[in-house]
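Enquirer: Dumping the structure here so I can ask a few things about it.
The values are calculated or read from the model by the stated rules, or taken from the named source; none is laboratory data. Since this is a predicted model, take the numbers as computed values, not measurements. So basically every Cβ, Gly included, is an ideal-geometry build from the backbone, and we count neighbours across all protein chains shown.
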Amino acid sequence: MPEAARSCKPDDVSTEGFKARYLNTMSDIITLPAPPRLAIDGSDDTFPVARVFCIGRNYADHAKEMGAAAEPLFFCKHADAVTTQDSLPFPPETDDLHHEVEMVLALGEGGKIVASGVGVDLTRRDIQTKLKAKAAPWEIAKAFHQSAPTGALRLGPPPASGAVTLSVNGEPRQSGDLSQMILDPAAMLAELSRYFVLGPGDLVFTGTPAGVAALQPGDTVEACVEGLPTLRFTFQPETDA
Ligand code: MN
């Protein structure tokens, strides 16, 4: 075992601890892909993504439209869910792909918020409904490739209030306000931190207001949180290939 690895205690979650743990003196047999990177608004800097945490049922009106109790819950997506492409292939294996506009928190060292932005939590609602009925995990409904289009980030603390809206082909679909969140950013990070060691590169999707509905190939989505950079993307039209 390399000296650095032996000296790294399992509970050492500092930046130096992470570095020591991943120090490698051997030759890797594969090369990992680079992480997705989000633009910082008004800057040439970027934010590399490590993990994606999501909170569900954080707006009472959305929990109600899903027929669920307004009790926040957590799930995860993989880093490859995050995409900044403005033209996306329509995801496979769903006849009911839903949009969920969400404020996104970007975390730095120690799991502290360094920036925020706008994301869409794409959901295979047809599959999620079946999974819920079986009390089964949600990954195949939630954690698929490119299931989390995310816009540019704005540095600094996230807004505490402001409109959260989403339109499809210019038609309004979702509308709410950040102030309606059941768990605010500080409360959700405190809750998440009971179960996970939050750290640099983590994103937290903070939940969606009411109005979720289905998307189709060819649709253009515009997602807004007042005060943060707008996110726009279009699904490529269906082909017969
Ligand atoms: Mn969501």
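Enquirer: Looking at Glu71, Glu102, which is the one that is touching a residue at least 12 places away in the same chain (Cβ under 8 Å) and surrounded by 14 or more Cβ atoms within 10 Å (Cβ to Cβ)?
Expert: Residue meeting the stated conditions: Glu102.
Enquirer: Hey, does segment 122-132 have a residue that's part of a loop (DSSP other than H, G, I, E, B) and within 21 Å of Val82 (Cα to Cα)?
Expert: Within segment 122-132 (the criterion being part of a loop (DSSP other than H, G, I, E, B) and within 21 Å of Val82 (Cα to Cα)), the answer is yes, since at least one residue qualifies.
Enquirer: Those residues that are touching a strand residue (DSSP E or B) at 6+ places or on another chain (Cβ under 9 Å), of a type in the set (D, E, K, R) and outside any strand (DSSP E or B), I need them from segment 88-119; list them, please.
Expert: Of everything in segment 88-119, those that are touching a strand residue (DSSP E or B) at 6+ places or on another chain (Cβ under 9 Å), of a type in the set (D, E, K, R) and outside any strand (DSSP E or B) turn out to be Glu93, Asp95, Asp96, Glu100.
Enquirer: Also, quick follow-up: Quick one: in segment 91-128, which of the residues that are over 16 Å from Ala210 (Cα atoms) and among the acidic types (Asp, Glu) is farthest from the ligand (Cβ to nearest atom)?
Expert: Of everything passing the filter in segment 91-128, Glu109 is farthest from the ligand (Cβ to nearest atom).
Enquirer: Specify which of the listed residues (Gly170, Gly199) is surrounded by fewer than 15 Cβ atoms within 10 Å (Cβ to Cβ) and assigned by TED's automatic domain parsing to the domain that holds Val114.
Expert: Only one candidate passes the filter, namely Gly170.
Enquirer: Could you please find all residues in segment 147-164 being among the hydroxyl-bearing types (Ser, Thr, Tyr) and surrounded by 21 or more Cβ atoms within 10 Å (Cβ to Cβ)?
Expert: Scanning segment 147-164 gives Ser147, Thr150.
Enquirer: Just give me the residues in segment 133-145 being farther than 14 Å from Phe205 by Cβ and either within 15 Å of the ligand (Cβ to nearest atom) or part of a loop (DSSP other than H, G, I, E, B) (or both), in sequence order.
Expert: Selection gives Lys134, Ala135, Ala136, Pro137, Glu139, Ala141, Phe144, His145.
Enquirer: Condition test on Gly199, is it modelled with pLDDT of 95 or more, on the phi > 0 side of the Ramachandran plot, out of contact with any Asp or Glu (no Cβ under 6 Å at 6 or more places or on another chain) and part of a loop (DSSP other than H, G, I, E, B)?
Expert: no
Quick grid of which residues meet (1) assigned to a loop (DSSP other than H, G, I, E, B); (2) modelled with pLDDT of 75 or more; (3) farther than 24 Å from Glu102 by Cα:
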| position | (1), (2), (3) |
| --- | --- |
| Ala5 | no, no, yes |
| Glu16 | no, no, yes |
| Ala20 | no, no, yes |
| Leu32 | yes, yes, yes |
| Ala39 | no, yes, no |
| Phe53 | no, yes, no |
| Asp61 | no, yes, no |
| Ala68 | yes, yes, no |
| Cys76 | no, yes, no |
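Enquirer: Quick check on this structure: which one of Leu178, Leu192 is in contact with a Phe, Trp or Tyr (Cβ under 7 Å, 6 or more places away or on another chain) and aliphatic (A, V, I, L, M)?
Expert: On the way: Leu178 fails: in contact with a Phe, Trp or Tyr (Cβ under 7 Å, 6 or more places away or on another chain).
That would be Leu192, the only listed residue that is in contact with a Phe, Trp or Tyr (Cβ under 7 Å, 6 or more places away or on another chain) and aliphatic (A, V, I, L, M).
Enquirer: Let me ask something additional. So for segment 118-134 (the condition being surrounded by fewer than 18 Cβ atoms within 10 Å (Cβ to Cβ), closer than 14 Å to Phe53 by Cα, out of contact with any Gly (no Cβ under 8 Å at 6 or more places or on another chain) and modelled with pLDDT of 95 or more), does at least one residue qualify?
Expert: no
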